[in-house]
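The values are calculated or read from the model by the stated rules, or taken from the named source; none is laboratory data. As the structure is a prediction and not an experimental result, all values here were calculated from the model. No Cβ is skipped: glycine too gets one built from the backbone with ideal geometry, and neighbour counts run over all protein chains shown. Each accessible area value is taken on the protein alone, full model and side chains, heavy atoms only, with ligands, DNA and RNA left out. Shrake-Rupley method; radii C 1.70, N 1.55, O 1.52, S 1.80 Å.
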Amino acid sequence: MAHDADAYTATLTTLQNEIVNFLRTFEKVQEDLRLGAVLDSQAQLVAAVGDTFRRFDSTFAPLKPPDSMADLHTRLCAAINELGKSLNLFMTKPSQQWTVAFLYSRRAFCNGLYALYELRDRLPIVAAHFLMPGATAPVAAASKGAPTGFIQHQRNDERSDYTLYIPEDYSPDKPLTLIVALHGGYGQGSEYVWTWLRPARSRGYAILAPKSLGDTWDMSVPSSDTRSVVRMFDEVTREYAIDRSRVYLTGLSDGGIFTYILGLERSELFRGLAPVAGALHMVVDQMLREGRGKDTPFLVIHGVHDFIFPVTFTRQTCNLLTQIGYNVKYEELPDWGHAFPYLINDRMVLPWFESLPPKQS
């Protein structure tokens, strides 16, 4: 017997609130994560989530929904199962192998996000999670044209795979601002894109999130990953109207290192460069000696508690770049380590990008 429609809707509303609480909490845990304090992060997550997933398994998943909601129920359960898998992997007992479990946890988390995003029009509380406070969701244009939303491009002989986000209300007569967002070592563009989804949807920006050709970026000059990303950029700009005066580059960790490399190699493409928790690689020495990219400003963000790239090195880097004539703004975060920059992107990188006047051609 089908569950009463009103009762099912009420149960669904409660579940949405609980799932959004999990999403927000898990994002914060991932942003504040320190490998020496995994148990603290796990305890924080358990305290916030409680028995949400156990109750979902025992009470919501077995429900027989109204016929009009049967497809929604099936797809929502699949999405929440991915989130539950992500939680279980994250709760693995800390050890030398815990980081591997975290990588799988992150993958399951993003699988769940993609599934929820596809259901956003039927889940208003969840849908609000994909926007910054006060923002209005982009409404799909009536006319059919180039694909919008998330588009996954598979690797080919000329470049690696990449994830593209195009606002659903895209119109060719309104060129888009483009943010190129580079993942960290052993990461995926299809996962890192989620650290930029909210601001991009809220402001009507496109995101290009490449995958490195190898496990991490090619730290050489010329770089094979530079050629790969530029080919992606060329594909995107052929299919979509992109405002070439407002193309920005940012990256996390190894993606921060590669932000320096790509940004200096092809500085003519970018209005601003924002390496986060990265480091300046010695392969850029010759480009710095040549003064390449001096007309492209940098925002460098680093945490005092970074356990991979010591903050002292980044301080020296910013002093050096400033002394040789580069335009560098340095933001040091006293409470941050080396993790995913959700709020950092929202509250620091995005406003800085938007503060820059358009690039002069």
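Annotation: residue 147 fulfils all but one of (1) of a type outside the set (S, T, N, Q); (2) open to solvent by 40 Å² or more (accessible area, probe 1.4 Å); (3) assigned to a helix (DSSP H, G or I); the unmet one is (3). In the stretch 106-122, is there at least one residue being surrounded by 14 or more Cβ atoms within 10 Å (Cβ to Cβ) and assigned to a loop (DSSP other than H, G, I, E, B)? Among the residues of the stretch 106-122, at least one is surrounded by 14 or more Cβ atoms within 10 Å (Cβ to Cβ) and assigned to a loop (DSSP other than H, G, I, E, B), which makes the answer yes.
Being assigned to a loop (DSSP other than H, G, I, E, B), closer than 21 Å to residue 198 by Cβ and within 20 Å of the chain's Cα centre (by Cα) is not true of residue 164. Exactly one residue out of 58, 41 is over 27 Å from residue 190 (Cα atoms) and out of contact with any Lys or Arg (no Cβ under 7 Å at 6 or more places or on another chain), and it is 58. Can you run down the residue pairs with Cβ atoms below 7 Å, 6 or more apart or on separate chains, where the first is in the stretch 315-338 and closer than 18 Å to residue 261 by Cα and the partner is open to solvent by 30 Å² or more (accessible area, probe 1.4 Å) and of a type in the set (Lys, Arg)? Qualifying pairs under 7 Å: 325/294; 326/294. Among the criteria (1) closer than 24 Å to residue 208 by Cβ; (2) within 22 Å of the chain's Cα centre (by Cα); (3) surrounded by fewer than 21 Cβ atoms within 10 Å (Cβ to Cβ), the one residue 287 does not fulfil is (2). Exactly one residue out of 325, 251, 278, 293 is outside any helix (DSSP H, G or I), farther than 29 Å from residue 33 by Cβ and open to solvent by less than 10 Å² (accessible area, probe 1.4 Å): that is 293. The set of residues from the stretch 45-73 being in contact (Cβ under 8 Å) with a residue 60 or more places away in the chain, assigned to a helix (DSSP H, G or I) and crowded, with 18+ Cβ neighbours inside 10 Å comprises just one member, 69. Within the stretch 83-135, the set of residues being of a type in the set (S, T, N, Q) and over 25 Å from residue 209 (Cα atoms) comprises 88, 92, 95, 96, 97. Say whether the condition of being outside any helix (DSSP H, G or I), open to solvent by less than 20 Å² (accessible area, probe 1.4 Å) and within 20 Å of residue 165 (Cβ to Cβ) is met by at least one residue in the stretch 74-90. There is no residue in the stretch 74-90 that is outside any helix (DSSP H, G or I), open to solvent by less than 20 Å² (accessible area, probe 1.4 Å) and within 20 Å of residue 165 (Cβ to Cβ). Quick check on the stretch 1-22. Is at least one of its residues farther than 21 Å from residue 77 by Cα and either exposed (fewer than 15 other Cβ atoms within 10 Å of the Cβ) or of a type in the set (Val, Ile, Thr) (or both)? Within the stretch 1-22, not a single residue is farther than 21 Å from residue 77 by Cα and either exposed (fewer than 15 other Cβ atoms within 10 Å of the Cβ) or of a type in the set (Val, Ile, Thr) (or both).
In the stretch 270-287, the residues that are over 16 Å from residue 221 (Cβ atoms) and at pLDDT below 95 form no Cβ pair under 8 Å with any partner that is surrounded by 19 or more Cβ atoms within 10 Å (Cβ to Cβ) and of a type in the set (Gly, Ala, Ser), whether six or more places apart or across chains.
Would you confirm whether any residue within the stretch 195-204 is in a loop (DSSP other than H, G, I, E, B) and within 27 Å of residue 343 (Cβ to Cβ)? Yes, because at least one residue in the stretch 195-204 is in a loop (DSSP other than H, G, I, E, B) and within 27 Å of residue 343 (Cβ to Cβ). Just to be sure, is residue 148 under 28 Å from residue 354 (Cα atoms) and free of Cβ contacts under 8 Å to residues at least 40 places away in the same chain? It is true that residue 148 is under 28 Å from residue 354 (Cα atoms) and free of Cβ contacts under 8 Å to residues at least 40 places away in the same chain. Tell me whether the stretch 26-41 contains one or more residues that are crowded, with 16+ Cβ neighbours inside 10 Å, within 22 Å of the chain's Cα centre (by Cα), of a type in the set (Gly, Ala, Ser) and farther than 25 Å from residue 124 by Cβ. Yes, some residue in the stretch 26-41 is crowded, with 16+ Cβ neighbours inside 10 Å, within 22 Å of the chain's Cα centre (by Cα), of a type in the set (Gly, Ala, Ser) and farther than 25 Å from residue 124 by Cβ. Give me a count of the residues in the stretch 197-218 that are crowded, with 24+ Cβ neighbours inside 10 Å and of a type in the set (Phe, Trp, Tyr). Selection size over the stretch 197-218: 1.
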